[in-house]
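Notes follow the structure.
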């Protein structure tokens, strides 16, 4: 029996994080923001896939194995004969990194090679990460987003700011915001993308570009806001024994998408509580792990009465 095609798709990059250790050794870990979101959704039992290309070598094999372990639909991952994409994290306090990936595998993703009928099965598609700052892949993904939007698929966009997103990224930012049904940004994203620290002005600009978009604005320990037209909600995070904050933003995005997918008619407060609960739960586990769905649901119920309307 043929496995049904997934409804929740995450497009972009999956890569290998090479993280320097105190003794000078390098530790490799699978990473990439869109892949992390897909992995969390699949780990919660939702019909999710990551769509992207990987190398045919030891790095690609590890990424494919991690994807299979996460329950992702491997028909959407394309092994190609090209070098791997690596993120060299040469400092963790504070985080400092650079990417190694000239002409690497991720750039060779081709939507034409996805399973037949995949656009008809799609209901939500996430775009973001460094993939949208890496030509020619960036242009291909923008075109794909436009086609899916025209077909009635709902779009989510998480820019996930990185240093490669300089002034050359401005046009992509504006075009993706205009297309998206959901935009997720952090305070750090806004400072990097707009190159100033007037967060309110940056958020107002996003809303001006797309007044209909739902905007999730995360502020770390200060919690999060959800903007929907003239409605603005805010929620502080619960007390959590923080192990680390790696992957918290991706978990927030996954929590919001899962809520919108499973309870599309729910109140905005429910969606915001789900996003904050997911990000908070991710802080209680080491690395970019999948937070337990039971822990997320319990946190969400605790947080829901605390959602406040912004003045």
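Each reported figure results from applying straightforward, stated rules to the coordinates on display, with no laboratory input. The shown structure was predicted, so the numbers you read here are calculated from the model rather than taken from an experiment. Cβ sites come from the backbone with ideal geometry, for glycine too, and all protein chains shown count toward neighbours.
Observations on the structure shown:
- Label sites at residue 168 and residue 21, each approximated as a point 7 angstrom past Cα along Cα to Cβ, lie 3.5 nm apart.
- Virtual spin-label span in nm between residue 197 and residue 297, 7 Å along Cα→Cβ: 4.3 nm
- Linear extension gain, residue 311 paired with residue 262, 0.36 nm per residue minus alpha-carbon span: 14.7 nm
- Applying 1/(1 + (r/R0)^6) with r as the Cβ-Cβ distance of residue 61 and residue 110 and R0 = 22 angstrom yields a FRET efficiency of 0.60.
- For region 87-122 and region 1-72, distance of Cα centres in Å: 10 Å
- Of all DSSP beta bridges in the chain, antiparallel share, percent nearest 5: 45 percent
- Ascending count of other beta-carbon atoms within 10 Å, so fewest first, for 19, 130, 54: 19, 130, 54
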